[in-house]
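Written below as structure tokens is the structure these notes are about.
Derivation of every value follows stated rules applied to the coordinates shown; laboratory data play no part. Note that the structure is a prediction, hence the values are computed from the model and not measured. Don't worry about glycine lacking a Cβ; one is built from the backbone with ideal geometry, like all the others, and counts go over all protein chains shown.
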Amino acid sequence: MNIKENKQILLISPRGFCAGVTRAIDTVVEVLEKFGPPVYVKHEIVHNKHVIDDLKAKGAIFIEDINDAPIDKPLVFSAHGVAKNIIDTAKQMNKYVVDATCPLVTKVHVQAIKFYNLNYKIILIGHKNHPEVEGTLGQLPAGAIVLIENLDDVQNLKFENEDKLAYVTQTTLSVDDTKEIIDALKKKFPHIKSSPKEDICYATTNRQNAIKDYAHECDSFIVVGSKNSSNSNRLVEVAKKSGCDLSVLLENANNLNIDNYKNHQTIGLSSGASVPDILVQDVISKFREAFEINVKEVGAGEENISFKLPRGI
Ligand code: SF4
């Protein structure tokens, strides 16, 4: 008889879907039910392959150029938000639009516009080419916002009027890395203003904090999430920085090489904010087939935040 090795999985919470992702997915489902397929969605509604494949099967069509959406079909904007000119173009084309931009992304847009109206030059901390960053940059005329990604970029910043500067950030950044950049900004520009409340969202912060508390106890760490998911990638970085070098991003259980975990006693497991928990449970099942596992739920528990569906449905 084969005796299975014993392993412990530390199942971290909070993990998985945040309120903005739940709202965005529910929005597409509601629009599909109300209008029937196909429903067009600008950009992947959230960055998760499983979610996208599921919605495609229900009749959602994901596009990048809104001109690819027929005039008589509804168009949904993704949770990441879009530039103002895209909203204006859709209005001019008389498209039926439902905006599923996460309210916490909209909050950053509103704050950037407020600073602009008060004649501030705005610095956006974020990742170049990420759709959320494109959307935030696109709230204001070209040149109104300067994008920076790291500490080197701070050193290269030069402004004529250093008294009228403000910064905002992408919502899904590393809390610790962003703090370093903000500290450097404040040191270089002591008068710089910030949003009254954090721009990095509650879901990003909570998932990173929970991993920080437990990664050092783990021999290896798995974050379930897609490669293009900013918040999922940040969780892997946080696990590594918090003491678990062997931390990886995993799309789903099919990509799990169970042999890699033979010599590991304690495995941490979490997931990004766009990941349905079924994908995490699939990973646990695959471990259970190979090993005798004890799953221990740790962390701060699930969140109790929800957002109303957008207007228009
Ligand atoms: S990760 Fe944060 S900002 Fe992004 S959708 Fe979720 S709650 Fe909104």
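Plugging the Kirkwood radius over Cα pairs into Stokes-Einstein for region 220-313, at a temperature of 10 °C and a viscosity of 1.306 mPa s, what D comes out in µm²/s? Walk me through the intermediate numbers first.
On the way: Rh = 14.6 Å.
Reported coefficient: 109 µm²/s.
Holding the Cα-Cα limit at 24 Å, pick out from LYS42/LYS91; LYS84/LYS187; LYS188/LYS241 the pairs that are longer than that. Show your work: numbers first, answer last.
On the way: LYS42/LYS91 14 Å; LYS84/LYS187 33 Å; LYS188/LYS241 26 Å.
Table pairs above 24 Å Cα-Cα are LYS84/LYS187; LYS188/LYS241.
If you look at just the Cα atoms of the chain, how large are its Rg and its Dmax in Å?
Final numbers for Rg and Dmax: 21.1, 76 Å.
Which angle from 0 to 90°, rounded to the nearest 10, does the C-alpha axis of helix 230-241 make with the longest principal axis of the chain?
The angle comes out at about 50 degrees.
Calculate, in nm to one decimal, what ILE284 and GLU33 gain on full extension: separation in residues at 0.36 nm each, minus their alpha carbon distance. List each step's numbers first, then the result.
On the way: separation 251, 0.36 × 251 = 90.36 nm, distance 3.30 nm.
Separation in residues times 0.36 nm, less the Cα-Cα distance, equals 87.1 nm.
With a 10 Å Cβ neighbour count serving as the proxy for reagent exposure, in which order, fewest first, do ILE45, ILE182 appear? Please list the in-between numbers first.
Numbers: ILE45 24, ILE182 17.
Result, fewest neighbours first: ILE182, ILE45.
Return the calculated 222 nm mean residue ellipticity for the chain, to the nearest 500 deg cm²/dmol, obtained by summing -39500 (n - 2.57) across DSSP H runs with n ≥ 4 and dividing by the residue count. List each step's numbers first, then the result.
On the way: 10 runs with 117 residues, N = 313.
Helix-only estimate at 222 nm: -11500 deg cm²/dmol.
When every alpha-carbon pair in region 104-194 is counted, what percent end up more than 18 Å apart? Please list the in-between numbers first.
Details: 1538 of 4095 pairs.
When all Cα pairs of region 104-194 are counted, 38 percent exceed 18 Å.
Within 10 Å of each residue's Cβ, count the other Cβ atoms and sort LYS84, LYS42, LYS128 from fewest upward. Don't jump to the answer; show the numbers that get you there.
Numbers: LYS84 14, LYS42 24, LYS128 10.
By the 10 Å Cβ count, ascending: LYS128, LYS84, LYS42.
Work out, in µm²/s and without decimals, the Stokes-Einstein translational diffusion coefficient of region 19-102 at 37 °C, 0.692 mPa s, Rh from Kirkwood over C-alpha pairs.
Working: Rh = 12.4 Å.
D = 264 µm²/s.
Where in region 265-313 are there trypsin sites (Lys or Arg not before Pro) that are in a DSSP coil and have at most 11 other Cβ atoms within 10 angstrom of their Cβ?
Details: sites: LYS286, ARG288, LYS296, LYS308, ARG311; in loops: LYS308, ARG311.
Loop-located and lightly packed - LYS308, ARG311.
Listing HIS127, HIS216 from the residue with the fewest other Cβ atoms within 10 Å to the one with the most, what is the order? Write down the numbers at each step before the final one.
Values: HIS127 16, HIS216 12.
In order of increasing Cβ crowding within 10 Å: HIS216, HIS127.
Nearest 10 degrees is fine. How inclined is helix 103-117 to the longest principal axis of the chain, computing both from alpha carbons?
Taking the Cα atoms of the chain, the angle to 103-117 is about 30 degrees.
Helix 277-290 versus the longest principal axis of the chain: what is the Cα-based angle in degrees, 0 to 90, to the nearest 10?
Roughly 20 degrees, rounded to the nearest 10.
For VAL39, list long-range residues whose amide hydrogen, built 1.01 Å from N in the peptide plane, is under 5 Å from its own amide hydrogen.
Here ALA60, ILE61 satisfy the definition.
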